[in-house]
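Read-outs: derived from the displayed coordinates by stated rules, not from any lab. Model, not experiment: these values are computed from the prediction. Note that we place each Cβ from the backbone using ideal geometry, even for glycine, and neighbour counts take in every protein chain shown.
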Amino acid sequence: MSLSFAAIIPIYNEEERLKKVLAEVQKIRELSQVVCVNDGSTDHSSQILKQNFPQFRLVNCRKNRGKAAAIARGLAYVKEDYVLLLDADLQNLQASQIRRAVRLVKQTQLDMLILRRVSSILLTKLICGDLLLTGERILKKAVLAAALKLPVSGFQIEMAINHYCLTAAKKIAWFAYDARSTFKVQKRGFFSGLLMELQMTSSLLRYRGVGYYFWQLFRFLKIPRVV
């Protein structure tokens with residue numbers, strides 16, 4: 001059976017990084033389509049997409065509703081078997097690594113392959129954020145749709161996906177890759193960025209509580225690696 005793959009990329013004010021990220025994405029020939037969801041950006045993200053990547057589907061949202069809502073909006077346009085989720089602020093994204101990950105999914109038919117950010121800073125690794133919270137993963141469309149039906153908002157989307165896959169006993173593995181996120185203090189300035197980081201952390205910890213975060217952490221430590 002031939003499996004098909006689409007990408008969903010939620011975007012909010014990423015004009016400085018977007019072109020470089022999408023230039024790598026367009027090298028991933030295994031993708032049948034790329035859905036870019038402009039989540040109410042106030043910068044030139046939409047124009048960059050229209051002018052430089054007309055082959056990608058652009059979905060414009062009038063208001064910023066958060067990452068989970070943007071992904072749900074993008075999923076409505078996906079007909080493929082699998083979805084590649086990618087953040088729009090990535091540094092050192094390499095199309096060759098993503099293509100390798102797609103081939104592994106084809107071979108193993110996993111329910112979800114997590115692209116583990118092995119180049120993350122030490123603090124992120126200590127709380128297993130490079131595995132639990134990475135925004136890059138390849139998963140079955142049906143799995144993503146089921147996770148989005150759970151109570152979830154904003155940056156809780158990764159926790160919700162994890163929760164669904166663990167409770168539904170889905171087949172999960174992880175793959176090491178070198179891309180890393182851009183910290184919000186680098187994007188928004190120190191004080192605004194720090195406030196946003198604290199808000200994001202608070203949102204994550206509110207998802208079923210602090211204890212549940214560590215329950216996910218210990219469960220994910222048992223997930224196998226594929227190479």
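Remarks
- Taking a Cβ cut-off of under 12 Å around Ala6, the surrounding Lys, Arg, Asp and Glu residues balance to a net charge of +1, with basic ones at +1 and acidic ones at -1.
- The packing ranking of peptides 131-140, 25-34, highest mean first, is 131-140, 25-34, where packing means the average number of other beta carbon atoms within 10 angstrom of each residue.
- Normalising the average separation of contacting C-alpha pairs (under 8 angstrom, six or more residues apart) by the number of residues puts the relative contact order of the range 124-224 at 31 percent.
- Calculated FRET value between Thr201 and Thr108, using beta carbons and R₀ = 45 Å, to 0.05: 0.85
- A Gaussian network model of the chain, with springs between Cα atoms under 10 Å, assigns the largest mean-square fluctuation among Arg73, Arg180, Arg100 to Arg100.
- Comparing Arg116, Arg206, Arg57 in a Gaussian network model of the chain (Cα springs below 10 Å), the most mobile by mean-square fluctuation is Arg206.
- Relative contact order [Cα under 8 Å, 6+ residues apart], the chain, whole percent: 21 percent
- Hydrophobic, long helices, defined as DSSP H runs whose alpha-carbon span along the helix axis is 27 Å or greater and whose mean Kyte-Doolittle value is at least -1.0, do not occur in the chain.
- Each of the peptides 218-227, 2-11, 106-115 was scored by the mean count of other Cβ atoms within 10 Å over its residues; in descending order, highest first, they stand as 2-11, 106-115, 218-227.
- Annotation: for a label point projected 7 angstrom from Cα along Cα→Cβ of Ala95, residues of the range 21-40 with backbone N closer than 11 Å are 22-31.
- Protection proxy ranking of 171-178, 42-49, 207-214, by the mean of other Cβ atoms within 10 Å over each peptide's residues and highest first, is 171-178, 42-49, 207-214.
- CD proxy at 222 nm, helix term only [per DSSP H run n ≥ 4: -39500 (n - 2.57); per residue of the chain; nearest 500]: -12500 deg cm²/dmol
- Whether the range 68-112 is rounded, prolate or oblate, judged on the alpha carbon gyration tensor where a/c under 1.5 counts as rounded: oblate
- Cα shape, the range 98-213, gyration tensor, a/c 1.5 rule: oblate
- A crude spin-label estimate for the pair Gln26 and Tyr77, with each label 7 Å from Cα along the Cβ direction, gives 1.6 nm.
- For the pair the range 71-90 / the range 101-126, the C-alpha centres are spaced 16 Å from each other.
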